[in-house]
Amino acid sequence: MNAHLSGILFQLFQSLLVVLIAPLLLGWVNQCRAWLQNRTGAGVLQPYRTLRKLFHKDAVVADNASPLFRVTPYILFACMWLAAGVVPVLATDLPYSPAADVIALVGIFALARVFIALAAMDIGTSFGTLGARREMLIAFLAEPALLMVFFTASLISHSTQLPTIVEALAHKDFALYPSMAFAAIAFVMILLAENARIPVDNPTTHLELTMIHEAMILEYSARHLALIEWASSIKLLAYTTIGIALFVPYGIAEAGNWAALPLALVALGVKLVAAGAGLALLETISAKMRIFRAPEFLGTAFLLAVLGMLIHFLLGA
Amino acid sequence: MSASLSAQLINLLAALLLLIAFAMLSQRRVLSLINLFAWQGMVLTVSTLIVAITTSQHHLYYSAGITFALKVVVLPWILHRLIRKLNVKWDVETLINIPITMLFGILLVIFAFNLALPITQLAGTITRGTLGIAIACVLLSFLMMLTRRKAIPQVIGFLAMENGLFFAATSATYGMPLVVELGIALDVLVGMFILGIFFFQIRETFDSLDLKHMEKLKDE
């Protein structure tokens, strides 16, 4: 009973933690980008200031908006929160994680995407529709690649449950997995595409014609926009932690080992800082590509993930 | 170095070799193609060195040295010189578009892995698992030669194919005898020189390095 209760407490702690530090990760990535571009930057806390500003404003909603348009920000936020709560970030025994394995996790992301695309089309502006179509083009190519990455990890650990995968990779004898190297490259490419980062989409653009994610949320304001922005930052954090869980899970607390928790927190902090800096570097050295090059980019990601699986079958590692 | 760690390292390098083969297949720029070729030579050198250290086969040290000198230093240098002299830095034109080429590539990899499976079971080397990857590299380079229109990428494909063959030899039988290896190395070098002269001849005759001009017969 006591173990059960502490598990639930721990789940609550982790869920709150991921929601609260998600804007911090985004702020860190933006700050690193600013430094790399010889700018001073707005500081790592800027996303929190933006969120506070947006929550204090009055919401303006278009006349012809349906209820779908109003509920979408909440659905989006809930989906991302659920996804981030399921990923083993600090320890591998989360009472909620049996609720969704990696395939269901992809489904949760897809659900959020369907709603945001529908809401973008709901108002009937041409930019919203354009953004929604582009988002769907990117998503339908990125999703199979993401599944392939997960399958490669599942083949090694014989399970589609993320905590089991992490246990198998983190607490067994150290081994080099060439298949996971392929999966890791594919995963980074998918992360860039799914989170509207630079080679595929530019999160800071003001040109509507080149927008993907931004075009979909043009009509949102105030608290709705704040929730969507917050959800996007949680999505980035969720993807980063999935990447950490799959490819560098070392340092995560074992099931039931509460003494390892402070170490796990430090390890997570170091890994997130490194991942954020790496993401900023990647975004700085690459240029945004034409929208019609995106299928090629994601096709390459899919190919790499499939190659990882094939290599697993050939080498058994 | 323990046998299991070096086997893992060789597997990783083999996977890297396959990755570079795919990168070459999808590369549009000649300069990057040459750099990728140099990287492939580097990976080959390191993997040969690891096999040499693990199995203490002395002739493998020499072949690693030859590989490094020839495929990482000399050949990329000659290629860089060639494209500077020919002044050809254009994008590579492909006959089929790149995503379809990549799909063909995956099919070739599956074919190569299946082909290597029975041979792998006969071999007793620590690197036997990588034979499939070596065959896949040969086939992918072959595909690259087929799908490129210009002369220089085709030659790079030819050289990359030799890399794959060398890797196959190392993984199946711990390399060929040194005399054979020296002979092949010399062949590749001389071949490169002759092809370099050919480039100039082709350009002088047709004002272009596009090989489709050579398909037509002139009657004068």
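The values are calculated or read from the model by the stated rules, or taken from the named source; none is laboratory data. None of the values given here were measured: they were computed from a predicted structure. Note that each Cβ is placed from the backbone with ideal geometry, even for glycine, and that neighbours are counted across all protein chains shown.
Annotations for the structure displayed:
- Among the candidates A:LEU246, A:LEU279, A:LEU265, A:LEU272, residue that is surrounded by fewer than 17 Cβ atoms within 10 Å (Cβ to Cβ), more than 14 Å from chain B (Cβ to nearest Cβ) and either under 20 Å from the mean Cα position of the chain (by Cα) or in a loop (DSSP other than H, G, I, E, B) (or both): A:LEU265
- Test result for B:ILE126, modelled with pLDDT of 80 or more and within 14 Å of chain A (Cβ to nearest Cβ): no
Residue-wise test of (1) more than 14 Å from chain A (Cβ to nearest Cβ); (2) buried (at least 21 other Cβ atoms within 10 Å of the Cβ); (3) out of contact with any Lys or Arg (no Cβ under 8 Å at 6 or more places or on another chain).
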position	(1), (2), (3)
B:ALA3	no, no, yes
B:ALA14	no, yes, yes
B:LEU31	yes, no, no
B:GLN40	yes, yes, no
B:SER47	no, yes, yes
B:ILE53	yes, no, yes
B:GLN57	yes, no, yes
B:ILE66	yes, no, yes
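- Selection count where residues are more than 20 Å from B:ARG84 (Cβ to Cβ) and either touching an Asp or Glu at 6+ places or on another chain (Cβ under 7 Å) or away from chain A (no Cβ under 11 Å) (or both), scope region B:16-29: 2
- Those residues of region B:99-113 which are at the interface with another protein chain (Cβ under 8 Å from one of its Cβ atoms) and within 12 Å of A:LEU314 (Cα to Cα), in sequence order: B:VAL109, B:ILE110, B:PHE113
- Cross-chain or 6+ apart pairs with Cβ under 7 Å, region B:149-178 first and among the aliphatic types (A, V, I, L, M), then not in a helix (DSSP H, G or I): B:ALA151/B:LEU209; B:ILE152/B:VAL88; B:ILE152/B:LEU209; B:ALA169/B:GLY175; B:ALA169/B:MET176; B:ALA172/B:ALA123; B:ALA172/B:THR125
- Test result for A:ILE311, crowded, with 16+ Cβ neighbours inside 10 Å, closer than 28 Å to B:SER4 by Cβ and within 14 Å of chain B (Cβ to nearest Cβ): yes
- Lone qualifier among A:PHE55, A:PHE69, A:PHE10 - being part of a helix (DSSP H, G or I), touching a strand residue (DSSP E or B) at 6+ places or on another chain (Cβ under 7 Å) and in contact (Cβ under 8 Å) with a residue 40 or more places away in the chain: A:PHE10
- The set of residues in region B:170-183 being of a type outside the set (Ser, Thr, Tyr), in a helix (DSSP H, G or I) and surrounded by 19 or more Cβ atoms within 10 Å (Cβ to Cβ) consists of B:ALA172, B:GLU181.
- Some residue of region A:83-98 being within 13 Å of the chain's Cα centre (by Cα), surrounded by fewer than 19 Cβ atoms within 10 Å (Cβ to Cβ) and among the aliphatic types (A, V, I, L, M): no
- Looking only at residues of region B:129-163 that are touching a Lys or Arg at 6+ places or on another chain (Cβ under 8 Å) and at pLDDT below 85, we find that the one that is surrounded by the fewest Cβ atoms within 10 Å (Cβ to Cβ) is B:ARG149.
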